[in-house]
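Scroll down for the structure; my scribbles are underneath it.
What follows draws every value from the coordinates through simple rules; no lab data is involved. The structure displayed is predicted, hence computed values, not measured ones. So basically every Cβ, Gly included, is an ideal-geometry build from the backbone, and we count neighbours across all protein chains shown.
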Amino acid sequence: MQAIDDRGQESPDSNEASGNLASGSVVTLAWTAPNMTLDGACTFVDSYRIKLGTTSGSYSHSVSVNVPSQGLSCTASGSNSCGSVETCETQLVIP
C-alpha cells in the first residue's frame, strides 16, 4: 500500500503484505495512518493507493482511496508530536 501525502509524496510508511486469496475474496485492510515524515516534519496523508497482484512487486490492480472516503474508516488510536495518530480500515474485493 502506498500512502500519498498532501504534497504528492509517498510516505516512508508505505508497506507490503502478502497472502494467498481467491478471486472474489473480501479482505479488510487496516493500517496506522502516517502523519510524520522521516525527518520529523508533520504531514497529512490525503490518499492511499492500494495495489493488488499475484506476486510481490507485480501489481495488476490498483485502488485509490481518498480521505475522507465512503468505505474508509479512521479512528484516533494515539498521538505523537504531530497530533492525533489514526488507525484506518477499508474492505476490498480481490479481483
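Identify, among Ser23, Val45, Cys74, the residue whose Cα sits farthest towards the positive end of the charge dipole of the chain, taking +1 on the Cβ of Lys and Arg and -1 on the Cβ of Asp and Glu, with the dipole about the Cα centre. The one lying farthest along the dipole's positive direction is Ser23. About the centre of its Cα atoms, the chain shows a dipole size close to 260 debye [charges on the beta carbon of Lys, Arg (+1) and Asp, Glu (-1) only; nearest 20 debye]. Prolate is the label for the chain, because the ratio a/c of its alpha-carbon gyration tensor axes (a ≥ b ≥ c) is 1.5 or higher and a/b is greater than b/c. Treating r as the C-beta distance of Ile94 and Ala41 and R0 as 30 Å, the FRET efficiency rounds to 0.25.
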